Every structure is written in structure tokens, then in C-alpha cells.
Amino acid sequence: MAPQLGRVTDPFGITVMSSGGFESVTEKHRFAAELASQKRPTEVLSIGDHDPSGAHMFIAFLEDVEAFTRDLGGAATFTRLAVTPEQIAQYRLPTAPPKLTDNRAFHGETCQAEALAPDVLANILRTAIEARIDRGAYERVLRRERRERARLRRLIESP
């Protein structure tokens, strides 16, 4: 799923990361250090399954990383983009009961993030990003990049 989401985020200079490597305290601390080094508040947008494991992982991850980032002098917040109960209803996503072996508190049916159609998920992510950026500043950066590319091309192509 990360490559698919990366096609949405790349034009904005936003990195897509899989949470699979963040089980250890060391990895969470390393991520928090990166966030703190940005010298500005950072919002992490999250996409994950709607199930006890997904909810537990999201909460544990955000609590640890927010605390580490704060201790390192930074600020980070987390926003869950998908899958939400509202999206399950809106898109009529397939659900299943929670696993009987999972004893974590969870209400309702479970749903996998992959149940969202790729174009729907891409649109959810793109809409969230566009709502958070300064469009004027973004357009100025793009114009500056085009001018710089043209200048470099002229340098390379000149005899």
C-alpha cells in the first residue's frame, strides 16, 4: 500500500512510512527525533485497519512518539484518516467480527484498510493533505522549482 500512497504524497514532498518497523522503543524514539528535528509542529496522518490490533497499535504508537517528540523539544500530533466507522458505513465496506482470541476492548465490526478502493483511499489522503497546505506557498515553490530546473538544463546543455 505504501507505493500507492507515495504516488499521492510525492508531489507534496511528504514521506509515506509503514508502521511495521515501529514496534521497538528504539524505532519510535528515532522517529520522534526526526520529528523534533523539523523545528516545527508535525502532523502524522495515519491509515490503518479498523480492528482491536489496529486501534491499539495506533494509540500506543502515537502516545509514545508524541511523548518522545515532546521530550526532545518538538511537537507531533496524529490524525487517523482511515479506516473509520464513518467510512465503513459511507463506502459500505466489508466487515467481520473481531477475533475471539483478541481480548482488547473494541466495539463493532472490524475492517481492513485494503477494503477501501485504491482511488477512494488516494482521494482521502490527497484531500487531507490539500486541506493542510498553504496553496499559495506551494505554488510559489513549484514555480521556483521549474525555474531552477530550466536553469540547470541550460547549464548542462551549453557547450
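The values are calculated or read from the model by the stated rules, or taken from the named source; none is laboratory data. Just so it is clear, the model here is predicted, and its values are computed rather than measured. Counting neighbours? That spans all protein chains shown, and the Cβs are built from the backbone with ideal geometry, glycine included.
Applying the condition of being assigned to a loop (DSSP other than H, G, I, E, B) and touching a residue at least 12 places away in the same chain (Cβ under 8 Å) to the stretch 1-19 and asking which residue is farthest from GLY54 (Cα to Cα) yields ILE14.
Using the structure shown, decide if GLU66 is surrounded by fewer than 18 Cβ atoms within 10 Å (Cβ to Cβ) and either assigned to a strand (DSSP E or B) or out of contact with any Asp or Glu (no Cβ under 7 Å at 6 or more places or on another chain) (or both). Against the criterion (surrounded by fewer than 18 Cβ atoms within 10 Å (Cβ to Cβ) and either assigned to a strand (DSSP E or B) or out of contact with any Asp or Glu (no Cβ under 7 Å at 6 or more places or on another chain) (or both)), GLU66 does not qualify. Scanning the stretch 116-149 for residues that are of a type in the set (A, V, I, L, M) and at pLDDT 95 or above yields LEU116, ALA117, VAL120, LEU121, ALA122, ILE124, LEU125, ALA128, ILE129, ALA131. If I go through the stretch 34-50 residue by residue, how many of them are surrounded by 15 or more Cβ atoms within 10 Å (Cβ to Cβ) and either in contact with a Gly (Cβ under 8 Å, 6 or more places away or on another chain) or farther than 18 Å from GLU63 by Cβ (or both)? Number satisfying all stated conditions: 7. Of the residues making up the stretch 3-14, just one is of a type in the set (Gly, Ala, Ser) and loosely packed, with under 12 Cβ neighbours inside 10 Å, namely GLY13. Being in a helix (DSSP H, G or I), under 18 Å from LEU125 (Cα atoms) and either within 16 Å of the chain's Cα centre (by Cα) or modelled with pLDDT under 95 (or both) holds for only one residue in PHE58, PHE78, and it is PHE58. Restricting attention to the stretch 112-157, the residues that are free of Cβ contacts under 8 Å to residues at least 40 places away in the same chain and under 26 Å from GLU86 (Cβ atoms) total 9.
Taking the listed residues VAL83, VAL25, VAL65, VAL16, the one that is closer than 30 Å to ARG135 by Cβ and out of contact with any His (no Cβ under 9 Å at 6 or more places or on another chain) is VAL16, with no other qualifying.
The residue of the stretch 118-141 that is farthest from ILE14 (Cα to Cα), among those that are exposed (fewer than 10 other Cβ atoms within 10 Å of the Cβ) and within 22 Å of the chain's Cα centre (by Cα), is ASP119. Across the stretch 81-98, the qualifying residues are those that are in a strand (DSSP E or B) and under 19 Å from the mean Cα position of the chain (by Cα), and the one among them that is surrounded by the fewest Cβ atoms within 10 Å (Cβ to Cβ) is LEU81.
Among the residues of the stretch 34-54, those that are within 15 Å of the chain's Cα centre (by Cα) and either modelled with pLDDT under 90 or under 30 Å from LYS99 (Cα atoms) (or both) comprise VAL44, LEU45, SER46, ILE47, GLY48, ASP49, GLY54. Scanning the stretch 15-33 for residues that are of a type outside the set (S, T, N, Q), within 16 Å of the chain's Cα centre (by Cα) and surrounded by fewer than 16 Cβ atoms within 10 Å (Cβ to Cβ) yields MET17, GLY20, GLY21.
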